[in-house]
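The values are calculated or read from the model by the stated rules, or taken from the named source; none is laboratory data. Fair warning: this is a prediction, and the values are worked out from it, not measured in the lab. Here the Cβ positions follow ideal geometry from the backbone for every residue, glycine too, while neighbour counts run over all protein chains shown.
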Amino acid sequence: MSDPRTVYLADYRPFSHIVDRVELSFRLDPRATRVAARLHLRPNPEARGRHHLWLDGEELRLVSVRLDGALLDLTPEENGLSIPAELLPEAPFVLETLVEISPEANTALEGLYMSRGMYCTQCEAQGFRKITYYPDRPDVMAPFKVRIESDLPVLLSNGNPVATGEGWAEWDDPWPKPAYLFALVAGDLVAHHAPFTTASGRAVDLGIWVRPGDQDRCAYAMDSLIRSMRWDEEVYGREYDLDVFNIVAVDDFNMGAMENKGLNIFNSRYVLASPETATDEDFARIEAIIAHEYFHNWTGNRITCRDWFQLCLKEGLTVFRDQQFSGDMRSAAVKRIEDVLTLRARQFREDQGPLAHPVRPESFVEINNFYTATVYEKGAEVIGMLKRLVGDDGYARALDLYFARHDGQAATIEDWLKVFEDATGRDLAQFKRWYSQAGTPRLKVSDDWADGTYTLHLEQVNPPTPGQDHKDPKVIPVAVGLLNPNGDEVVPTTVLELTEAKQSFRFEGLAAKPVPSILRGFSAPVVLEREVGAGERAFLLAHDTDPFNKWEAGRALAKDVLGRMVRDGGEPGSDWLEALAQVAFDESLDPAFRALALRLPSDDDMAQTLQGAGMVPDPDAIWAVRRRAGEALARRLAPGLPGLMDRLADKGPFTPDAKAAGRRALRVVALQILSKLDGGAAARQVFAAANNMTEEVGALAALLDIGQGEAEVARFAGRWAGDANVMDKWFALQIALATPDWAAAVTERLTSHPAFDWKNPNRFRAVIGALSGNHAGFHAASGAGYRLVADWLIKLDPLNPQTAARMSTAFETWPRYDAGRQARVKGELQRILGTPGLSRDLSEMAGRMLAAG
Ligand code: TRP
Ligand code: ZN
C-alpha cells in the first residue's frame, strides 16, 4: 500500500503524555455548539524525553487555548493542534480549549450530530476528534466528567448522573476510558425503565430511551439486556459497574450499535420491536446486538485495545461471546448453522477477493474500512478454535487471567495469547498465524481402509491473498466422528490437530469401513474439499449425530445438485428431493433446523462455490437453475405442505421465543415453496390473516418471488407508511426479489419514491444494498446494476463516506466473473476513484478492489 496516509502497526509508539482526567462542558446549539475541555495532563514516563503535545482535531473552530490558565496563541493544523515541547511543563498541567462545532451540518454521523431533532454522538473509531482537541487514540484512557447545557428535556452522557437542574445535567464516569467510548445524547425522549441487581448487590437503573410513542416497543430489548447481564455474571463472572445503564435508539446511524460506557447508542432498528413490526429475525438480532454491546463493557471497555490494529481483541471476542449467549438462549445447533451461513456469505467472500486481510491487519488508510467480517466473524472463529484446543476449563482459566491481568488496560493480541499460554501451558506461536495470515485455508481430505484400520489424510492449502504470497501451515482443529454403515456412531467426536501441511490420522479396531463426519460443528473456518457421493451425503443428512454436519450434508448435497445443473443442465436428482422430503416432514426434528435445511444455497453462495471449484460463475445461469431446483422441490413437497403449514400455525398468542420462531420459520419456508405452484393463493391468505411481521413479510416475499403481490405491496405501504423500520423492509423486498432484468429498473423507480430518504443510512442500505444483494440483478450483463450502485455511492460519499465505503464492498467479488463483467466493474471502480474530492474511505476501498486486476 503506497498511500502516504497509510498507518502501520509497526509504527506504534506510546503517547507522549498521560491524561489523568477530563472535564468537558457542552453548550448545545444546532449550528454553534460550544465545547470547553479541561485536560489534566503530565508527561508519560514511558515515552521518555521531552515531546511536543499533539491533539487530534478535525472540523473544529478553535476559540481559545489556555495552558495553566495562560492564553496560548496557536494556529491549528488541518487535523490537529500541536503544542511545542518548550511550552510544556514537566510537572502536571492543565490544558483548556474552547471550540465551536455544528452538529446540524454533520452528515457523516461521526462526532456530534443531529438525528430528527436529537443530539447524539458516534466516536468510534475516530469521531471524538470532531468534538474537541484530544489525543484520540485508544491507549489514552481517562475518567471523564461532563456538563451538558441545553433546553432539551433529556441530557445523557457516560457514567453516573451527578446533578441536574433547569437546562443542564452533569455526569461522572469514574472508569478510565478512551475517547472513542465517549457519548452524549440530548433530546425529547422517554424511557422504558427496569431495575437490575448485580450478583454482589449493586442496584442498577436500566433505561431504554426512545422517541415519545415508541416506548411500548422496548420490552424485548429490555428483556434481552437483563438476560445478557445475568448471563455475563453466570458464564464469565463479569458484573456491571455503574449505577445506571442507558440505551438510546436513534434513526440515523452508520452501523448497528455502539458500546459507549454506560450509554450504548443503537440504530433504532435494533431496539424497537413488537410482534406487528418485527420479524423473528429482528427479535433474534436485537437480542444478539443488545448482548454484544453490553458484553463490550468488559471486553472492549474495561479492557480496551492498545491501537486500532488490535480491533479483533474486542470485536472477535465480543462476537464470540454474543454467539455463545444466543446459543444458550435459543438452540445452539441452529445458532451455529446461522453463524456459519453468515461467515461464508460475508467473510469467506471477503477472504476470496481483493479485500482479503488478516484478522489483525498491519496497515490501513481509513480504520473505518476495517470493521469487517474478517475482524468480527473470523475473529470470533479464531477464539472458538482456541477454546476447542485448550478445552472449556483452559478457556475459563485463561479468561479469568485476562480480566485479572488486564483490567483497566489497553491490550494487544500478544497479551491475549499470553494469558492462554500462561493459563494452559500451551505454546501458541503457530496458532498466532490465524491473526496474521489472510485467506481461507482449504482442507483436503481423503481416506483409506485396510484390516480394521481407517486412515484420514488431511492436507491444508493456504492460498495467496493480496500482499501475502507465501503462507505457513496453521493449527487447524478438525473435529471428526465416525459412523457405522448402519448409522450408529462408532467413534464419537474427537479433535484432530492438523499442524503440518499434510498429516494422516489412524483409527484402529473398526469392524467395518466407517462413514466419516468431518469438521463437526464447523470446528475451523476452512473450506472442506473431499469427493463425496450423493449417497454418502444423504446418509449423513439422515444419520449424523452432529447437528451442524447433519445440516452441512444437506447443504453440500444441494450445492452438488445446483452445481451439476449449472454445468450440465438437466433436473435435480430424486435422491436429493427424497432426502429433503425426509427432513421436511420429520416431526422429530426441530422446525428451525428443518427450515434451514430447506433453504437453498443463495445465488452468491453458489457463485462463491463455483469460483472455488475453478469455474467462472454465470449469474443468469445460477439464477435460472436455482429457480428450477426450487420448482422441482415444490413439486416433490407440495402434497404435504398445506398440512405441515396447518400443524405449524400459532395456536396461542404471539411469543418471540426461539421455539415459536422456529415454527414460524418453517411455516414461511413451506409457504414460499408452495407458492411456486399455487399461483400465490396460500400466500395471499397468510398475508391477509397475519398477526405478526414474520408471516406478513414472509407471505409478501412469497408473492413477489412469483411475480405477484401488487395489491399486497400497496396494502403494506398503506399500513406501514409511518414506520421507517418497517418501510425499509418494503423497499428492500421489492428489489431483492426482482428478476435479473428488472432489478436495476425497480431500484431506480424506488429511488424516486418520496419516502426514499437517501441520507438516512438505513433507507440507503434498504434500497441500494438490496440491489447489491440481488446477485443476478446486480451482476446483470448490461452493467445497469453496477452503474446504478456506483452512481449512488458517488452521490453519498461527500455526505457520508463511512457508509459509502462500506457499501462499496458490493464490488469485491468482481474477479470471479467473466471478462465482460470484470471490465464493467473496473470501469465503475475507476469512475468512482476519479471522482474529484473523493473521501479517504471510499478511495481506499476502490483502490484496493482495483489493485486486484
Ligand atoms: N464497536 C461497535 C460494535 O461492534 C461498532 C462500530 C464501530 C460502530 N464503528 C462504528 C458503530 C461506527 C457505529 C458507528 O458494536
Ligand atoms: Zn462490537
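Residues that are under 26 Å from the mean Cα position of the chain (by Cα): which helices (runs of 4 or more DSSP H) entirely in the range 701-754 hold 1 or more of them?
Working: elements: 710-720, 724-736, 743-751.
Counting at least 1 such residues, we get 724-736, 743-751.
Report whether or not Glu58 is surrounded by 13 or more Cβ atoms within 10 Å (Cβ to Cβ), more than 20 Å from Ala105 (Cβ to Cβ) and touching a residue at least 60 places away in the same chain (Cβ under 8 Å). If you could, list the steps in order and put the result at the bottom.
Details: surrounded by 13 or more Cβ atoms within 10 Å (Cβ to Cβ): yes; more than 20 Å from Ala105 (Cβ to Cβ): no; touching a residue at least 60 places away in the same chain (Cβ under 8 Å): yes.
In short, no.
Somewhere in the range 274-282, is a residue under 18 Å from the mean Cα position of the chain (by Cα) and within 15 Å of ligand 2 (Cβ to nearest atom)? There is no residue in the range 274-282 that is under 18 Å from the mean Cα position of the chain (by Cα) and within 15 Å of ligand 2 (Cβ to nearest atom). For the subset of the range 310-353 comprising residues that are closer than 23 Å to Arg227 by Cβ and among the small types (Gly, Ala, Ser), which member is nearest to the chain's Cα centre (by Cα)? The extreme case among them is Gly316. For the subset of the range 89-138 comprising residues that are acidic (Asp, Glu) and crowded, with 19+ Cβ neighbours inside 10 Å, which member is farthest from ligand 1 (Cβ to nearest atom)? Among them, the one singled out is Asp136.
I'd like the full set of residues that are over 35 Å from the mean Cα position of the chain (by Cα) and assigned to a strand (DSSP E or B), limited to the range 40-60.
From the range 40-60, those over 35 Å from the mean Cα position of the chain (by Cα) are 40-53; that's our starting set.
Correct list: His40, Leu41, Arg42, Pro43, Leu53.
Scan the range 407-414 and give yes if some residue there is touching a residue at least 40 places away in the same chain (Cβ under 8 Å) and under 26 Å from Ala501 (Cβ atoms), otherwise no. Give the steps one after another, and end with the answer.
Going residue by residue through the range 407-414, those that are touching a residue at least 40 places away in the same chain (Cβ under 8 Å) are 407-413.
Still in the running and under 26 Å from Ala501 (Cβ atoms): 413.
Yes: the range 407-414 contains one or more residues that are touching a residue at least 40 places away in the same chain (Cβ under 8 Å) and under 26 Å from Ala501 (Cβ atoms).
Scanning the range 265-281 for residues that are away from ligand 1 (no atom under 16 Å from the Cβ) and polar (S, T, N, Q), we see that the one that is nearest to Ser157 (Cα to Cα) is Ser274.
So that you can scan it fast, the table gives a plain yes or no per residue for (1) under 30 Å from Asn800 (Cα atoms); (2) within 16 Å of ligand 2 (Cβ to nearest atom); (3) without any contact (Cβ under 8 Å) to a residue 24 or more places away in the chain:
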residue: Pro153; (1), (2), (3): yes, no, no
residue: Gly159; (1), (2), (3): yes, no, no
residue: Ala169; (1), (2), (3): no, no, yes
residue: Pro176; (1), (2), (3): no, no, no
residue: His192; (1), (2), (3): no, no, no
residue: Asp232; (1), (2), (3): no, yes, no
residue: Met255; (1), (2), (3): yes, yes, no
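Scanning the range 1-44 for residues that are at pLDDT below 95 and either over 19 Å from Trp308 (Cα atoms) or of a type in the set (A, V, I, L, M, F, W, C) (or both) gives Met1, Ser2.
Taking the range 365-385 as the search range and keeping residues that are away from ligand 2 (no atom under 15 Å from the Cβ), of a type outside the set (A, V, I, L, M, F, W, C) and closer than 18 Å to Arg344 by Cα, which one is surrounded by the fewest Cβ atoms within 10 Å (Cβ to Cβ)? Result: Gly384.
Each row is one residue, and each column tells you yes or no for (1) surrounded by fewer than 21 Cβ atoms within 10 Å (Cβ to Cβ); (2) touching a residue at least 40 places away in the same chain (Cβ under 8 Å).
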position	(1), (2)
Gly709	no, no
Pro740	no, yes
Thr747	no, yes
Thr751	yes, yes
Ala755	yes, no
Trp758	yes, no
Ala766	no, no
Tyr786	no, yes
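I'd like to verify a number: residues in the range 237-253 that are away from ligand 2 (no atom under 16 Å from the Cβ), in contact (Cβ under 8 Å) with a residue 60 or more places away in the chain and not aliphatic (A, V, I, L, M), how many? The number of residues fulfilling the criteria is 6. Residues in the range 282-300 that are of a type outside the set (A, V, I, L, M, F, W, C), within 13 Å of ligand 1 (Cβ to nearest atom) and farther than 27 Å from Ala10 by Cβ: 6 in all.
Got at least one residue in the range 352-367 being more than 28 Å from Ser839 (Cβ to Cβ) and in contact with a strand residue (DSSP E or B) (Cβ under 9 Å, 6 or more places away or on another chain)? Steps first, answer last, please.
Restricting attention to the range 352-367, the residues satisfying the condition of being more than 28 Å from Ser839 (Cβ to Cβ) are none.
Scanning the range 352-367, I find no residue that is more than 28 Å from Ser839 (Cβ to Cβ) and in contact with a strand residue (DSSP E or B) (Cβ under 9 Å, 6 or more places away or on another chain), so the answer is no.
The single condition among (1) closer than 30 Å to Tyr817 by Cβ; (2) surrounded by 18 or more Cβ atoms within 10 Å (Cβ to Cβ) that Tyr435 does not meet is (1). Considering only the range 477-506, state which residues are part of a loop (DSSP other than H, G, I, E, B), in contact (Cβ under 8 Å) with a residue 40 or more places away in the chain and in contact with a His (Cβ under 9 Å, 6 or more places away or on another chain). Once the filter is applied, which keeps residues that are part of a loop (DSSP other than H, G, I, E, B), in contact (Cβ under 8 Å) with a residue 40 or more places away in the chain and in contact with a His (Cβ under 9 Å, 6 or more places away or on another chain), the range 477-506 yields only Gly487.
Within the range 222-245, the set of residues being within 16 Å of ligand 1 (Cβ to nearest atom) and either of a type in the set (Gly, Ala, Ser) or in a helix (DSSP H, G or I) (or both) comprises Ser224, Leu225, Ser228, Asp232.
With the structure loaded, tell me whether Gly117 is away from ligand 2 (no atom under 16 Å from the Cβ) and of a type outside the set (D, E, K, R) or whether it fails that test.
On the way: away from ligand 2 (no atom under 16 Å from the Cβ): yes; of a type outside the set (D, E, K, R): yes.
For Gly117, the condition - away from ligand 2 (no atom under 16 Å from the Cβ) and of a type outside the set (D, E, K, R) - is met.
Taking the range 246-356 as the region of interest, the helices (runs of 4 or more DSSP H) fully inside it that hold 3 or more residues being crowded, with 24+ Cβ neighbours inside 10 Å are 280-295, 311-329. Scanning the range 340-379 for residues that are of a type in the set (Asp, Glu) and away from ligand 1 (no atom under 16 Å from the Cβ) yields Glu350, Asp351, Glu362.
Phe320 is checked against (1) within 16 Å of ligand 2 (Cβ to nearest atom); (2) in contact (Cβ under 8 Å) with a residue 40 or more places away in the chain; (3) of a type outside the set (Gly, Ala, Ser); (4) closer than 28 Å to Gly698 by Cβ and fails just one. What number does that condition carry? Unmet for Phe320, out of (1) within 16 Å of ligand 2 (Cβ to nearest atom); (2) in contact (Cβ under 8 Å) with a residue 40 or more places away in the chain; (3) of a type outside the set (Gly, Ala, Ser); (4) closer than 28 Å to Gly698 by Cβ: (4). If you check Lys314, Lys335 for being within 9 Å of ligand 2 (Cβ to nearest atom) and basic (Lys, Arg), only one passes: Lys314.
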